[in-house]
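Note sheet for the following structure.
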């Protein structure tokens, strides 16, 4: 042991250092290591919970985006259907307007034809009446010197009667 003393080895000092080390080790383990480890564990748990929530949020976001796409597709389909329905209604309205216009034109044409026919009949009746008067005047003038007035009236009445029956 002499050579240990030469090296500066003191067993009492070594024992005191070992005892100091054990006391510090116990105190650190009891008061510092455990709280630090608890704090690290707590932080690990919070980080794990945060990662879990982030994953859930990402999954929820993906589902929401998928639902949004579906809703947009449905809205686009509905918009297309509304446009098609509007076009169809516009075509139906156009057809109805055309049909109404044709019916109105046909009605106007029919009314014009009836009016023309009526005016033609009226004109024909007036013309017949004027021709009858002219014919009776002609007959009266042509018969004036040839036959008596009584015979003239008879012939004139007979002629008028025949003209009226022709119409």
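Here, each number is a calculation from the coordinates, and none is a lab measurement. Quick caveat, the model's predicted, so the values are computed rather than measured.
The convex hull built on the alpha-carbon positions of segment 1-66 has an orientation-averaged projected area of 7.4 nm².
P(r) tail, the chain: Cα-Cα pairs separated by more than 21 Å, 81% of all pairs. Normalised size of segment 87-144, defined as Cα radius of gyration per 2.2 N^0.38 Å with N residues, equals 2.38.
Relative to the longest principal axis of the Cα atoms of the chain, the long axis of helix 34-143 makes an angle of roughly 0 degrees. Taking Cα atoms only, the orientation of helix 11-27 departs from the longest principal axis of the chain by about 20 degrees.
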